[in-house]
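This report concerns only the one structure given below.
The values are calculated or read from the model by the stated rules, or taken from the named source; none is laboratory data. Computed from a predicted structure; not experimentally measured. FYI the Cβ positions are ideal-geometry reconstructions off the backbone, even for glycines, and counts take in every protein chain you see.
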Amino acid sequence: MTDTSNNLEILKQYKQALLKGLNDRQLEAVEALTGSTLVIAGAGSGKTAVLTRRVAYLISKGQTPGEILCLTFTNKAAREMNERVRDLLQSIKIQLPYVPPWKEDYLTNPLLATFHSLGVRILREFGEKINLRPEFSILDLDDQKKIIRRIFKELNVDKKKIQPNLVSYFISQCKQELLESKDSRRVSKDFLPIFHQIYQKYEAILQESSIVDFDDLLLKPYLLLKANPGVLEILRNRWPHIMIDEFQDTNEAQIELIKLLQPYDLLRKDPQRSLFVVGDDAQSIYGFRGSKIEIILNFEEQYPGTEEIILNQNYRSTQKILDLAEQVLTHNPKQKKKALFTENETAVDVHYYTARNDKDEAEFVIRTMAQLYCMPEEAEESSGSEDDIHLDSSDAQAAPTPQRSVSNDPVSSMFDLYLDDESFSPSASLQNYQPTSWSIPANIDWGKVKELDSTAVLYRTHSQSRAIEEAFLQNRVPYKLVSGTRFLDRKEIKDVMSMLKFLANGNDKVALRRFLPLVLTGVGPKTLDKIMAYLDDYEYPLPPKHQEQLLHLINKLQTVWTEHTRLIDLTKDLLVASGYARYLKGEYPNKDEYEARMENIGEIFSLMFPFDQDDQIPLAERLNQFLAQVALMTSQELNEGDDKTPKISIMSLHQSKGLEFETVFLVGIEDGLLPHINSLIEPGGVEEEVRLAYVGVTRAKKHLYLTSADSRITFGQIKANPISRIFRPFLDTYVKRTK
Ligand code: ATP
Ligand code: MG
């Protein structure tokens, strides 16, 4: 054989190896190497897989790796894709050199990154064109607030009239719509002129200190490229091939940036270029952060002649899971029809369990895992029957079903805490509550159950994680909470705990230092030092107005302390009397943010709940016990470390996007949770919740369990939500009820 035919033979083998196993449509997608292509397809149909193969395929065909830009939604996804591409290429003996993530190498490696990290790169390289020094820093939210406060002082803005957070919200809105401060009047007529003035000052300060904020990472590259044709040309030449995953969650700024980097005219003229986007309109779940589903649905208008490829074979889930997913989507008739099918086994049912309460719901997860992973034969044989469950009958009988009548109206009940300060009232509804107690098989060494790594509990709101975490801690089930911050690390939780700690131990100055500046007006770091000095020595010359404020606060705290015997009542009263509730409202004028904070604080009450059951214990002892337990909980979590022990993942539905697990527990399928309470009153809100439910269902490969609870403790009160309207119509036909 000649050399040339030898080479051709090798290339053919490589191609076969790279395209092996793809179905016809996936193949069509991977081989669509020029022009614009939209792969719109249901969950688990291999969109991300196609994207990865396409990167490798382009490189195998001789494309310079650096000429490929592939944008993903999270850093984690970018890292994973990088690994997959490397592995694929390695299989055909192409070794990409290792390049550290910070290195600007636009030759030897494809750039697999998020939009924001692409923004950072563009600004580092060309920022000087818009007077941004290359060593610019990125502002964090706390510092942003401080800058806005400084401007308030300078412009004599009354903080009581305009909340600093409303200003940051305004600035962020403007930037997301690509409006600089000079154009900000176009954003909405609702904002006072002072907002625009503040935005201008804010920009000046950022500019002066070479700082950009998060939204700037999209806005500034856009402005830079618009104003600098030379730079635009460099970047257009650098990345003739652009690919985007999770395209359904693209926002305005992102698509505008793409239109600059890969304009339609150029794409049409030059067959060496391509724009390849993949997404599922049914999984668009970031509307609240500005993502626009219309961008994927109207893609063809921006890029006429786009080749649209629909993948319809699902490789992830069983047919039963897919059938349920399809039913869920029937709520949204506008969603593009995709009719997924699978060749995966169908024998396993989807299960639904009605828990008595949130504790029982969490324990159901553990019991089911015990059956599935530790006595699998039994689970296969009697899956879903009553006998499966190790019911300790004496306990079960002793536990009355909690009353459902506490509140059947999720809207009004969940907003209890958000009403005016005066509405914080002790709850009378908790007294008769007894948690159920079902036996969970003991003696399981969960640390050795490797299936935990491919199991997830998915929830709608972070506050649901508390009951799950507690059950896992109690039963020694290793878990990882995939969340921005852990429950007890959240600022508002720490704030409230600091007040409680001070009540429990009047010498705790660390706690005092934390909350004093929050609840006293006009106490900055300097005054705080003075107050602390005064508390050490009453001779210290603290200005009388601060003395008065301090005395007033301490009197209030003392009154609160003497007036209550139960922790929940004490804490509710404390939030109001200390002024913390007012402070929080001021900090988060954005209703959603404020509510999320309040929802978290409400979870403290749920933790306190068991401590309030015994009327005999004096309050001080009760509080100390509670604080000790919480401290233990934190340290236990801290000790979790970075070991290789298998762990079940607990995460929100939003965080589960793009992931897959053998077993998924989708907990809290209740009206008020999923669909979330806020979505019920927002236009298009429930539709987004339906998509979120669809995302949740389609994360499961084999086992899917849906659960709801007859009652759950929310904000320290028992709440009873109806079963989710999203799932209710299908529970008897597509799901097997488990008792
Ligand atoms: P999502 O919408 O959830 O992001 P997706 O469409 O991106 O899903 P992938 O994650 O790419 O789907 O693929 C789902 C699963 O199917 C993965 O485990 C993947 O490896 C597998 N898969 C995809 N295509 C094939 C194929 N042709 N043969 C075998 N397995 C495949
Ligand atoms: Mg994907």
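Please go through segment 605-625 and give me each residue that is more than 15 Å from H564 (Cβ to Cβ) and aliphatic (A, V, I, L, M), ordered by number.
The one that is more than 15 Å from H564 (Cβ to Cβ) and aliphatic (A, V, I, L, M): L607.
Among the residues of segment 84-106, how many are more than 15 Å from T64 (Cα to Cα) and modelled with pLDDT of 80 or more?
Selection size over segment 84-106: 7.
Assess whether L516 counts as being surrounded by 20 or more Cβ atoms within 10 Å (Cβ to Cβ), at pLDDT 90 or above and out of contact with any strand residue (DSSP E or B) (no Cβ under 9 Å at 6 or more places or on another chain).
Judged against the criteria, L516 is a match.
Among the residues of segment 207-223, is there at least one that is of a type in the set (S, T, N, Q) and within 16 Å of ligand 2 (Cβ to nearest atom)?
no
Of the residues that make up segment 271-281, is at least one within 16 Å of ligand 2 (Cβ to nearest atom), under 30 Å from A347 (Cα atoms) and in contact with a Leu (Cβ under 9 Å, 6 or more places away or on another chain)?
yes
Only residues that are aliphatic (A, V, I, L, M), assigned to a strand (DSSP E or B) and within 16 Å of ligand 1 (Cβ to nearest atom): list them for segment 256-305, please.
V277, V278
Restricting segment 686-723 to residues that are under 22 Å from V348 (Cβ atoms) and among the small types (G, A, S), which is farthest from ligand 1 (Cβ to nearest atom)?
S708
Does G44 satisfy being within 16 Å of ligand 2 (Cβ to nearest atom) and either β-branched (V, I, T) or not in a helix (DSSP H, G or I) (or both)?
Yes, satisfied.
For segment 1-39, which residues satisfy the criterion of being farther than 21 Å from Q272 by Cβ, assigned to a helix (DSSP H, G or I) and touching a strand residue (DSSP E or B) at 6+ places or on another chain (Cβ under 7 Å)?
R25, the sole residue that qualifies.
Within the group I295, I285, I321, which residue is assigned by TED's automatic domain parsing to the domain that holds V695 and buried (at least 18 other Cβ atoms within 10 Å of the Cβ)?
After applying the criteria, what remains is I321.
State yes or no: is A596 buried (at least 17 other Cβ atoms within 10 Å of the Cβ) and touching a Lys or Arg at 6+ places or on another chain (Cβ under 6 Å)?
No; evaluated as a whole, the condition is false for this residue.
Considering segment 47-87 alone, what residues qualify as being within 16 Å of ligand 2 (Cβ to nearest atom) and either among the hydrophobic types (A, V, I, L, M, F, W, C) or touching a Lys or Arg at 6+ places or on another chain (Cβ under 7 Å) (or both)?
Residues satisfying the conditions are A49, V50, L51, T52, V55, C70, L71, F73, A77, A78, M81, V85.
Here are some residues: I205, I194, I171, I198. Which one is more than 30 Å from L69 (Cα to Cα), away from ligand 1 (no atom under 16 Å from the Cβ) and out of contact with any Leu (no Cβ under 9 Å at 6 or more places or on another chain)?
Step by step, each of I205, I194, I171, I198 is checked, and only I205 is more than 30 Å from L69 (Cα to Cα), away from ligand 1 (no atom under 16 Å from the Cβ) and out of contact with any Leu (no Cβ under 9 Å at 6 or more places or on another chain).
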